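Here the structure comes first, spelled out in structure tokens, and everything after it is commentary.
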Amino acid sequence: MLNNVFNFLLITGVIQGFAFNIVTLSFLNKKKISKAILYLNLIVLSISLNNLQAWLIAKGYTSSWYIIKHLEIPWYLFIVPMFYSFLIYFLIIENKYQKIVTLTLSIFIVEVIIRLLLISYGYTTNSGSAIIKNYTRIEEVVNALIAIIIFIKSYKIIFTEQYNYPFALSFDDMKWLKQFIVLGCIILSFWIFAIVLNYVSEIPTNAMYYPLRLGSSLLLYWISYQGFLRYSVMTDRIKLRKVITKNIQHPETYKTPKIKSQSDLFETICKHIQDHKLFFNHNLTLDALAIDLGISSSRLSKIINKHPDINFTDLINEFRIEHAKSLLLDSNFDNYTVISIGLESGFNSKSTFYKAFKKFTSLTPTEFKKKQQKRAKQDVSLS
């Protein structure tokens with residue numbers, strides 16, 4: 001009964017993986033497929049092929065032919081190297097790190113050739129199945145060591161070598177990648193445990209590897225979906241920023257505005273924020289703005305709070321929302337995601353953007369855009 005449940009979940013994950021590949025590549029059919037997205041798809045494809053093979057073996061669907069029955073292709077060998085490759089292209093640091101795809105492919109081909117030779121030899125001897133079984137164990141240990149080494153390299157990139165990708169850090173906080181690395185360490189531990197158990201225990205191989213395959217599949221499908229969405233948002237933000245920054249004035253010599261009369265204090269503050277696009281900085285604080293203006297933070301707070309129903313956060317978010325609204329209604333930005341527009345307007349997350357947008361407009365960004373487009377069409381028809 002338990003085996004049937006595992007088999008069902010396994011084949012369901014395989015179908016999901018193939019669907020991801022088809023949908024992703026179809027979605028990008030009109031665009032140039034980047035290497036980051038290509039490696040994401042190869043991660044999913046490797047998992048799907050590996051699990052499909054495991055499912056076929058478990059269900060007894062493998063051929064009775066000796067060569068097909070013993071031809072277990074090590075698709076799992078590609079999973080960690082493909083993640084590493086995705087990582088260096090996602091972070092735009094491919095020129096600073098070793099490219100390991102060719103090496104991995106070479107090892108894969110060698111392993112398949114060795115297995116074919118052993119199958120040919122084993123077919124003519126009585127001990128053929130035992131020889132192939134022992135080779136499979138050795139092959140898995142070697143591939144596990146390769147995966148661990150490459151995974152450690154990925155760990156170092158994310159946790160200790162952030163100085164190599166400051167550009168990417170300005171568009172992504174990497175929290176999701178850090179979470180994946182931590183969970184990946186747990187999955188690798190499960191794999192090592194399964195390998196050791198496979199040597200010392202008489203428990204059937206399938207019973208040891210099903211939980212590992214299901215856990216790693218869920219984790220890696222998650223990183224693939226996350227990676228695709230994050231990469232799409234990141235590339236949109238890079239393009240958006242190039243357009244937006246053209247309209248920002250950066251004077252060579254910055255002069256702190258002199259605030260004299262009490263009556264124009266608030267107006268001067270707003271003009272300063274707008275002119276220098278300070279709201280783009282999602283880390284902007286009251287103290288930082290006060291220093292920029294050359295006044296105390298307590299005085300700045302009093303000036304802002306004198307206006308009804310507004311505080312510092314609302315003031316900055318209002319600028320951000322107005323900027324986001326202008327981008328949402330500009331047909332030149334129709335191809336960019338709503339999330340990328342919100343993040344490039346100064347918000348630090350999708351949730352804060354949607355919450356603030358709803359507060360100021362009583363609509364979600366998508367609802368606002370549709371409403372304004374509908375109104376524009378009505379105005380055209382009336383005219």
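The values are calculated or read from the model by the stated rules, or taken from the named source; none is laboratory data. On a predicted model such as this, the values are computed, not experimentally measured, just so you know. No Cβ is skipped: glycine too gets one built from the backbone with ideal geometry, and neighbour counts run over all protein chains shown. When the accessible area is computed, the model is the full protein with side chains, heavy atoms only, and any ligands, DNA or RNA have been set aside. Shrake-Rupley method; radii C 1.70, N 1.55, O 1.52, S 1.80 Å.
With r as the distance between the Cβ atoms of LEU56 and LEU278 and R0 = 56 Å, compute the FRET efficiency 1/(1 + (r/R0)^6) and round to 0.05. Could the numbers behind the result be given before it?
Details: r = 59 Å, r/R0 = 1.06.
Efficiency, rounded to the nearest 0.05: 0.40.
Mind jotting down a quarter of the surface of the convex hull over the alpha carbons of segment 292-383, in square nanometres, one decimal? Kindly include the intermediate steps, with their values, before the conclusion.
Values: hull surface 31.9 nm².
So the mean shadow area of the Cα hull is 8.0 nm².
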Partner aspartates and glutamates whose C-alpha sits under 18 Å from that of LYS371, ignoring same-chain residues fewer than 8 away, are GLU322, ASP330, ASP334, ASP379
Once LEU117 and ASN311 are pulled to full extension, the length gained, defined as 0.36 nm per residue separation minus their Cα-Cα distance, is 62.4 nm
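How high is the FRET efficiency from ASN164 to ILE138, r the C-beta distance, R0 45 Å, rounded to 0.05?
Values: r = 36 Å, r/R0 = 0.80.
For R0 = 45 Å, the calculated efficiency reads 0.80.
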Taking Rh as the Kirkwood radius computed over alpha-carbon pairs of segment 78-153 and applying Stokes-Einstein at 4 °C with viscosity 1.567 mPa s, one gets a diffusion coefficient in µm² s⁻¹ of 92 µm²/s
With x for Gly and Pro, the residue-by-residue ³J(HN,Hα) of segment 296-309, computed from phi through the Karplus equation 6.51 cos²θ - 1.76 cosθ + 1.60 at θ = phi - 60° and given in whole Hz, is 6, 5, 5, 5, 4, 4, 5, 4, 5, 6, 5, 7, x, 6
If one compares the long axis through the Cα atoms of helix 35-58 with the longest principal axis of the Cα atoms of the chain, the angle in degrees, nearest 10, works out at 40 degrees
Over the Cα atoms of segment 143-230 the radius of gyration and the largest Cα-Cα distance (Dmax), both in Å, equal 15.6, 52
Using a 1.4 Å probe on heavy atoms of the protein chains only, the accessible area for ARG375 in Å², nearest 10, reads 110 Å²
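At 0.36 nm per residue, minus the direct Cα-Cα distance, what do LYS271 and ALA19 gain on full extension? Give it in nm, one decimal, please.
Details: separation 252, 0.36 × 252 = 90.72 nm, distance 5.05 nm.
Contour length minus the Cα-Cα distance gives 85.7 nm.
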Expected vector for segment 71-77, Karplus 3J(HN,Hα) from phi with 6.51, -1.76, 1.60 and θ = phi - 60°, integer Hz, x for Gly and Pro, equals 8, 8, 7, x, 4, 4, 4
In cubic angstrom per residue, the convex hull of segment 284-335 built on its Cα atoms measures 91 Å³
The alpha-carbon center of segment 311-357 and that of segment 121-183 are separated, in whole Å, by 39 Å
Once all protein chains are kept in place, PHE347 shows an accessible area at probe 1.4 Å, nearest 10 Å², of 10 Å²
Using a 1.4 Å probe on heavy atoms of the protein chains only, the accessible area for LYS133 in Å², nearest 10, reads 120 Å²
Answer in debye to the nearest 20: the dipole magnitude of the chain about its Cα centre, from +1 Lys/Arg and -1 Asp/Glu charges placed on Cβ, is 800 debye
Expressed in nanometres to one decimal, the distance between label points 7 Å along Cα→Cβ at PHE8 and SER362 is 4.8 nm
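Taking a threshold of 26 Å on the Cα-Cα distance, which of the pairs LYS355/LYS377; LYS325/LYS350; LYS133/LYS153; LYS96/LYS239 fall above it?
Cα-Cα > 26 Å for LYS355/LYS377; LYS133/LYS153; rest within.
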Quick tally, 1.4 Å probe accessible area for GLU72, GLU111, GLU94, sorted with the most first, runs GLU72, GLU94, GLU111
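Helix-derived [θ] at 222 nm for the chain: sum -39500 (n - 2.57) over DSSP H runs of at least 4, divide by residue count, nearest 500?
Details: 16 runs with 273 residues, N = 383.
Taken over the chain, the calculation gives -24000 deg cm²/dmol.
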Going residue by residue through segment 134-141, the Karplus relation 6.51 cos²θ - 1.76 cosθ + 1.60 with θ = phi - 60° gives ³J(HN,Hα) values, rounded to whole Hz and with x marking Gly or Pro, of 5, 5, 4, 5, 5, 4, 5, 4
Computed over all unlike Cα pairs, the Kirkwood hydrodynamic radius of segment 32-161 in Å stands at 16.3 Å
When the chain is treated as a Gaussian network with springs between alpha carbons less than 10 Å apart, the largest mean-square fluctuation among GLY346, GLY294, GLY17 is found at GLY294
So the compactness index of the chain, its C-alpha Rg divided by 2.2 N^0.38 Å, takes the value 1.33
